[in-house]
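Take a look at the structure below.
The values are calculated or read from the model by the stated rules, or taken from the named source; none is laboratory data. Since we're looking at a predicted model, the values are computed, not measured. Note: ideal-geometry Cβ built from the backbone for every residue, glycine included; neighbour counts use all protein chains shown.
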Amino acid sequence: MQPSVTYRLVDEESPLWHDDMHWLTDAYCQAIGEELTYSQTILARSVDLTKKQDVYQMMVGLNPRLDQTCLFIAMTADVRIGYFLGMIKPCLAEIPDRIGYINGVYVLPEWRGRGIGQSLLNEGMKWFRRQGLKGVELYAVNHNERAKKFWRKNGYQSVEEVMICSIK
């Protein structure tokens, strides 16, 4: 029997805020580490996974207006097993002027394949709708076919190619 999974919106006022942010930092570093196995181009971003305090500060400071950021945590009992991190950002196109941006959906490897990522995405999309947004964007690593299949299944399509290079 599969354990019950709950999804909760993280609030800065919550007594769990700092624990959630520390867990998110660790999970985010793990997610980036997995992306490194898909594409060496990610190295151009110079992510130093050993400096967790820097990653933590980045997570806490993602958006100075917390009403513009949403973090959902998937939990079973009292164990955090996945997250959805999204935000509202200005859109470069004329219409709409704001767009949703998905920074990441991540589920711990041992919990994958159980619909948790889909449920996290569904919660995040509800949040975007409540904010009055009409579109959402994200970046997917080229060689992460599992992630790209997930996004396509949910109606996302590739509209441009992002190219990066290391500065030497």
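Looking at segment 136-161, which of its residues are within 21 Å of F72 (Cα to Cα), part of a loop (DSSP other than H, G, I, E, B) and of a type in the set (A, V, I, L, M, F, W, C)? The one that is within 21 Å of F72 (Cα to Cα), part of a loop (DSSP other than H, G, I, E, B) and of a type in the set (A, V, I, L, M, F, W, C): A140.
Scanning segment 112-121 turns up one or more residues that are at pLDDT 90 or above, at negative phi and of a type in the set (D, E, K, R).
In this structure, Q30 qualifies as modelled with pLDDT of 70 or more, surrounded by fewer than 16 Cβ atoms within 10 Å (Cβ to Cβ) and closer than 22 Å to Y139 by Cα.
Only residues that are closer than 22 Å to A27 by Cβ, outside any helix (DSSP H, G or I) and charged (D, E, K, R): list them for segment 90-135, please. Selection gives R112, R114.
Within segment 57-74, is there a residue that is modelled with pLDDT under 85 and charged (D, E, K, R)? So far as segment 57-74 goes, yes, one or more of its residues are modelled with pLDDT under 85 and charged (D, E, K, R). Among the residues of segment 134-150, the one identified as touching a strand residue (DSSP E or B) at 6+ places or on another chain (Cβ under 7 Å) and over 17 Å from L71 (Cα atoms) is G135.
Per-residue answers, yes or no, for (1) in contact (Cβ under 8 Å) with a residue 60 or more places away in the chain; (2) in contact with a Ser or Thr (Cβ under 8 Å, 6 or more places away or on another chain); (3) among the hydroxyl-bearing types (S, T, Y); (4) surrounded by 10 or more Cβ atoms within 10 Å (Cβ to Cβ):
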residue	(1), (2), (3), (4)
G132	no, no, no, no
G135	no, no, no, yes
N142	yes, yes, no, yes
A147	no, no, no, yes
F150	no, no, no, yes
N154	no, no, no, yes
Q157	no, no, no, no
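Taking the stated definitions as given, is G100 in contact (Cβ under 8 Å) with a residue 40 or more places away in the chain and either in contact with an Asp or Glu (Cβ under 8 Å, 6 or more places away or on another chain) or among the small types (G, A, S) (or both)? No: the conditions fail for G100.
Filter segment 149-168 down to the residues that are modelled with pLDDT under 90 and more than 20 Å from I99 (Cβ to Cβ), then identify the one that is farthest from the chain's Cα centre (by Cα). Result: K168. Here V162 clears all of (1) closer than 18 Å to V10 by Cα; (2) out of contact with any strand residue (DSSP E or B) (no Cβ under 9 Å at 6 or more places or on another chain); (3) among the β-branched types (V, I, T) except the condition numbered (1).
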